[in-house]
Amino acid sequence: MDERQALAAFAALSQEHRLRLVRHLVTAGPEGVAAGSLAAEVGVPFSNVSFHLKELAHAGLVGSRREGRSVIYSADYPALSGLIQFLMKDCCGGHPEVCTPAVTALAACCPSEGDTAHA
C-alpha cells in the first residue's frame with residue numbers, strides 16, 4: 001500500500017458510519033453480509049448504507065458480490081492488512097519493544113491453528 005492508497009482508506013474510515021460498517025464486516029468474516037442486513041445491524045439508515053459502502057469500496061476496503069437479488073459486502077482483508085502494514089512498516093526504529101503491544105494485540109485476535117488446538 002502506498003501513501004495515496006492509505007490516505008484514501010483513512011479518509012473513508014474517518015466517518016463514523018463507515019468505520020462501524022468496516023468493523024462489522026471484519027467481524028462477519030469472508031462470507032460477508034447483505035446490504036439490507038448490514039444497515040439494520042450497524043444502525044445506518046438503509047437509504048444511506050449504499051452511499052457509505054460505495055465510498056469504502058472506492059477506497060478498496062470492502063468488496064461486493066451479487067447473490068440472487070442481494071448484494072453481499074465483505075471486508076477486503078488484504079487491503080486492511082496492507083493498511084496496518086503501512087502504519088507499522090517503520091515501527092520500532094531499532095527498538096522492538098515499541099511494537100510489542102501492537103503485535104501482541106494482533107496475535108491475540110487471530111490465534112494460529114496450533115493455539116486453537118490447545119483450547
What is the magnitude of the charge dipole of the chain about its Cα centre, with +1 placed on the Cβ of each Lys and Arg, -1 on the Cβ of each Asp and Glu, and no other charges, expressed in debye to the nearest 20? 480 debye
From the helices alone, meaning DSSP H stretches of at least four residues, give me the mean residue ellipticity at 222 nm for the chain, per-run term -39500 (n - 2.57), in deg cm²/dmol to the nearest 500. -18000 deg cm²/dmol
Evaluated at q = 0.09, 0.13, 0.14, 0.22 Å⁻¹: base-10 log I(q)/I(0), Debye formula over Cα of the chain: -0.30, -0.60, -0.68, -1.21
If I model a spin label at ALA107 and MET88 as a point 7 Å from the Cα along the Cα→Cβ vector, what separation in nanometres do I get? 1.1 nm
The extension gain from GLU16 to ARG69, computed as 0.36 nm times the residue separation minus the Cα-Cα distance, is 16.3 nm
Over all distinct alpha-carbon pairs, what is the Kirkwood Rh of the stretch 1-53 in angstrom? 11.7 Å
Hey, rough spin-label estimate for ALA40 and GLU3, points 7 angstrom out along Cα→Cβ, what's it come to in nanometres? 4.5 nm
What are the ³J(HN,Hα) values, in whole Hz, obtained from phi via the Karplus relation 6.51 cos²θ - 1.76 cosθ + 1.60 with θ = phi - 60°, for each residue of the stretch 74-79 in sequence order, with x given for Gly and Pro? 9, 5, 8, 4, x, 5
Run the quick spin-label model on ARG23 and THR100: label points 7 Å from Cα toward the beta carbon, then report their separation in nm to one decimal. 2.8 nm
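None of the figures in this text is laboratory data; all of them are computed from the coordinates on show. Just so it is clear, the structure is predicted and the values come from calculations on it, not from any experiment. Ideal geometry is used to build each Cβ from the backbone, glycine not excepted, and the neighbour counts take in all protein chains shown.
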